[in-house]
Amino acid sequence: MLTAVSIDANNEIFFLAYGIVDTESTESWTYFFRNLRCLFATEGCHKDDWTFISDIMRGVDAAIHDFYPKETRRICCQHLYFNCKTAGWSGSTFHKLFWIAADAYNEYVFEKAMTKIKEHDVAPEKYLRDVLEQWSKKMFDSKVCCDHNTTNIVESFNSCTKAFRDMPMLTLLEAVRNWVMKRVGSRFDKAINMEPDQLIEYAQNILQSRSDDSRFCHVTLCGGGGEREFEVRDRHVKFPINQDLMTCGCGKWQGSGIPCKHGLRVIYHQRLEPTNFISTYFKGAAYKATYARHIHPMANPTHWPSFDVPQILPTNVKRSAGRPTKQRRRAPHEARKGKRHKNNWNFQGVEA
Ligand SMILES: [Zn+2]
């Protein structure tokens, strides 16, 4: 079963499509993406500059590019880290520096972590610089307003539907449809009474925690002129803010679509309402549009009307040896769940 999922305003799974294929290959992914594109076109959506992130899968890259030539690719940092580990670059310090670079919203923090990596070994630094896909948060397009750099969302979808994987084909399809129907149904009910400008729970929580942190920041300079520019001091570091463009030197505001603690300091200083400085993606109108339609209940197959269509025969299944896997395919040297990484790339006294 091949699936495409996305993230809604509340940072939860929005299920897009699923399809059954005989085997995983460029051909089967091509079939999947061709139909995904058709599905969007049927709904009147011709957007082709989507951002994709996927697990390591056979044939997915070529297939995506065929149907979405303007795509942006992100690579799952969890996988990227394991590639590094396979190459022999591991240990708690490398792990820490890698994740500082991956989660950096700005050039400064990114470069600092990369320099520290290079000081110890030039090879991993070169390898990471040569990665074609976007992986560090500072590389992401601010228009996307989504700062995910792992495929955890896919993992959580897989664990939700794991119980169905052993079922016969039609039962599997029906179980997934039912699962999606229930989820969409409850969100449809939630969206119905939402005000267009109402902030979604996910954004509210982020706003709350950044708001708490903003207490330690100080607005040191208010710029004049047409543009509302400010300088905010966070302990010993200063960050320039442009309130009109909704940007901060730390990169988090534009990267996440929600004001960072520095931005919030300015907003409170100006006695303005933070909700007005949050991307519309996190508001009621967007959530309502996402769940504008729900999946209608379906009758029992015995009650289905009969159609004069040719009978679809099953495909020739190429069955591989053993039981079908339920777990995500892990990279050869990827640690099993819960196992700690070995500390064999250790050097001391390095803090990013
Ligand atoms: Zn900031």
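Worth pointing out:
- As a rough guide to protection, the peptides 288-301, 22-35, 85-98 ranked by mean Cβ packing within 10 Å, highest first, stand as 85-98, 22-35, 288-301.
- Reduced Cα scattering model of the stretch 201-277, Debye log10 I(q)/I(0), q = 0.12, 0.14, 0.17 Å⁻¹: -0.27, -0.37, -0.55
- The chain shape via C-alpha gyration tensor axes, a/c threshold 1.5: oblate
- The chain: angle of helix 107-120 to the longest principal axis, Cα-based, in degrees nearest 10: 90
- Normalised by the number of residues in the chain, the average gap of Cα pairs under 8 Å and 6 or more apart makes the relative contact order 21 percent.
- Alpha-carbon Rg with Dmax, taken over the stretch 2-189, Å: 18.7, 56
- Given charges at beta-carbon only (K, R positive; D, E negative), |dipole| of the chain in Debye: 1160
- HN-Hα J in Hz across the stretch 236-249 - Karplus 6.51, -1.76, 1.60, θ = phi - 60°, x for Gly and Pro: 9, 10, 9, 10, x, 10, 10, 5, 5, 7, 6, 10, 9, x
- Each part gets one Cα centre, and for the stretch 153-226 versus the stretch 48-67 those centres are 23 Å apart.
Values quoted throughout were computed directly from the atomic coordinates according to the rules given, and no laboratory measurement underlies them. Here the structure is a predicted model, which means the values were calculated and not measured. We place every Cβ from the backbone using ideal geometry, glycine too, and count neighbours over all the protein chains shown.
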